[in-house]
Amino acid sequence: MSRISLINLTDLPPGQSAEVVAEGKIFAVFNVDGTVHVLDGICPHAGGPLGKGSLRGDVVTCPWHGWQFQVSSGQHCLNARICQTRYEAVVEDGRVMIEV
Ligand code: FES
């Protein structure tokens, strides 16, 4: 296991999403009322940027065609068979980190 540092928490206020490229991968990072969630940033529908989607509560809407995911679980909101990869996020010294 290794850790990847993604973003300063101060750059991700509550209610915001961010797309972060790190170690050659694209991650979608969300702040839901102070709790940070990280998903694979590539939408499984057609490759849209989930980190650029709008966040309402703990649901993100893909900006390309509107697929919605619960960011705390990665679960697609309508199709139980689709679950986006999620990563365990921790905040250390103000940086959002994930274990991969
Ligand atoms: S690429 Fe995300 S909904 Fe189509």
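Contact map, segment 58-79: residues that are closer than 21 Å to Asp33 by Cα paired with residues that are within 10 Å of the ligand (Cβ to nearest atom) and aromatic (Phe, Trp, Tyr), Cβ distance under 6 Å, separation 6+ or inter-chain. Pairs shown: Val60/Phe69; His76/Phe69. Considering the conditions (1) of a type in the set (A, V, I, L, M, F, W, C); (2) farther than 12 Å from Glu19 by Cα; (3) within 11 Å of the ligand (Cβ to nearest atom), Ile42 is excluded by exactly one of them, (2). Note on segment 19-41: residues that are crowded, with 19+ Cβ neighbours inside 10 Å and either touching a helix residue (DSSP H, G or I) at 6+ places or on another chain (Cβ under 8 Å) or of a type in the set (Phe, Trp, Tyr) (or both) total 9.
Among residues of segment 45-74 being within 12 Å of the ligand (Cβ to nearest atom) and among the polar types (S, T, N, Q), the one that is farthest from Thr85 (Cα to Cα) is Thr61. Selection of first residues in segment 3-22 that are more than 17 Å from Gly57 (Cβ to Cβ) and of second residues that are in a strand (DSSP E or B) and modelled with pLDDT under 95, restricted to Cβ pairs under 8 Å at least 6 apart or on distinct chains, gives the following pairs, ordered by first then second residue: Arg3/Glu99.
The values are calculated or read from the model by the stated rules, or taken from the named source; none is laboratory data. All values derive from a computational prediction rather than experimental measurement. Methodologically, a virtual Cβ is constructed for each residue, glycine included, from the backbone with ideal geometry; neighbour enumeration extends over all protein chains shown.
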